[in-house]
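Here's the structure, in structure tokens; my notes come after.
Bear in mind these aren't lab numbers, they're just calculated from the coordinates by the rules spelled out. These numbers come from a predicted model, not from an experiment. Cβ placement follows ideal geometry from the backbone for every residue including glycine, while neighbour counts extend to all protein chains displayed.
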Amino acid sequence: MRRLFFKTVLGICGIIVLGIMCLVIFVIEPAFEEFSEAEFREESSLEHRVLYSQLAKEPFDRWQNSIATYSSFFELTPSLIKDSELPASAESFTAPDGQTGYYRADEENMFYSYFPSPRAGWLILYEEGDSELVDESRAEFAVLLLFAGPMVVIILSMLLGIGYLLYAFGRPMRALEKAIEGFSQDTRIRLAPEHGKLIPNIVMAFNGMARRLDTTLTEQQVMIAAIPHELRTPIARIRFALDMLRGREGEKLWQGLERVDGYVDELQQTSEQILELSRVNQDALQMQRVSLNQLVTQSAGSYEESPVTFTLPEEPVQVQGNSALLKRVLGNLLDNAAQYHHSFITVNLSVQEGQAVLCIENDGAQLSESDLNQLFQPFYRADSSRSRRSGGLGIGLTLVAQIVARHRGEVSAALIRAGVIQIRIELPVSHSAE
């Protein structure tokens, strides 16, 4: 956007300068161009009439002083010479006012005129000066253009610049309008990269919004398709348990009721996590500066049965976010690590290129590359077991990914060596100036 604005401004300035130069070179300058021989003879004749009358009133011995101090109306340079000094190349002429004299032009195209003086044997020489004898109408037209011409050029240049801006913005704005209209039918629509040259922020905002909406709609479709399946299992267990309890008494009845209670807890837990996952993408986040050092220390210290080893930088690492949600992210990841690990769980916090990097590692991971690609999908389980010990509900890591995305961060999973998984989270660091 700024580049286009500066290009337009430079273009307008270039057109203005070019237009004014053309006015000066082709219109104004010719109006004041070096006058012709006829104009010079007419000018010098008028000048001689004034000087002749002045010298005629003075003694000859004062002529040199009078000529030296004479102020020429046409800025000619007069001087006194003898008749014998008249160049042979001088040609006689008669001025429009009837005066006769001589005229010549030298090799440098300088003009000279010679007129008789009041004293016999002497001539008055007039050399070309800086003055010009210009037609009055031409001078008025040139002066008018000198003032009005640049203003006309500036207005035309601004109109051309505005027209160029409208034309330049027309294509991307029409593409944006078309993309918005088509998005309701196909959420995969994106604006092409070439439109980002003129309106980069708008293109990035639209494509980002489109990606988020597309991802949200896809996740909603996956959840809608998966929810009946997820709820069917605990409901079927409850029905089966109730059928088995019919006619039972005593201790067997109480044992059965406890199993039913466990199934109801599982059903309630599933419902609560589904609602929580839905609220993460809808509710406005209350953001504040959160110390990740403190968050890691508090979360890791609560796992007594499965000790967590953590490494923190000396300087506090702070991010802009929601403390409760970030604590939930760390809690979900540590819960998973504690559930599947064999011998160790490590947490490493560092700062790399303006990003807070949180890495959680544990051994005992029996995962494939296919599992890693789907690990953050709703209701996905790498272990098909339904038990609370190994299967889980398949929502925890999805919730982690959604919360990290709301904090403008990224989360990924990788097998760094055989049986050891690393969950890596990157969040923008909050600086003190923010």
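In table form, for the structure just shown:
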item	result
Dimensionless Rg/Rh of the range 64-115 - Kirkwood Rh, Rg from C-alpha atoms	0.97
Relative frequency of Cα-Cα separations exceeding 21 Å in the range 37-127, percent	25
For the range 50-90: span of alpha carbons on each principal axis (Å, largest first)	30, 25, 16
Cβ-based exposure ranking for LEU330, LEU292, LEU10, in which fewest neighbours within 10 Å come first	LEU10, LEU330, LEU292
FRET efficiency estimate (nearest 0.05) - Cβ-Cβ, ILE416 to LYS252, R0 60 angstrom	0.75
Cβ-derived FRET efficiency at R0 30 Å, VAL264 paired with GLU369, nearest 0.05	0.20
The range 288-428: projected area of the alpha-carbon convex hull, averaged over directions, in nm²	8.1
R0 of 41 Å, Cβ-Cβ distance VAL351-ILE162: FRET efficiency to nearest 0.05	0.30
For PHE40, PHE73, PHE376, order by how many other beta-carbon atoms lie within 10 Å, fewest first	PHE73, PHE376, PHE40
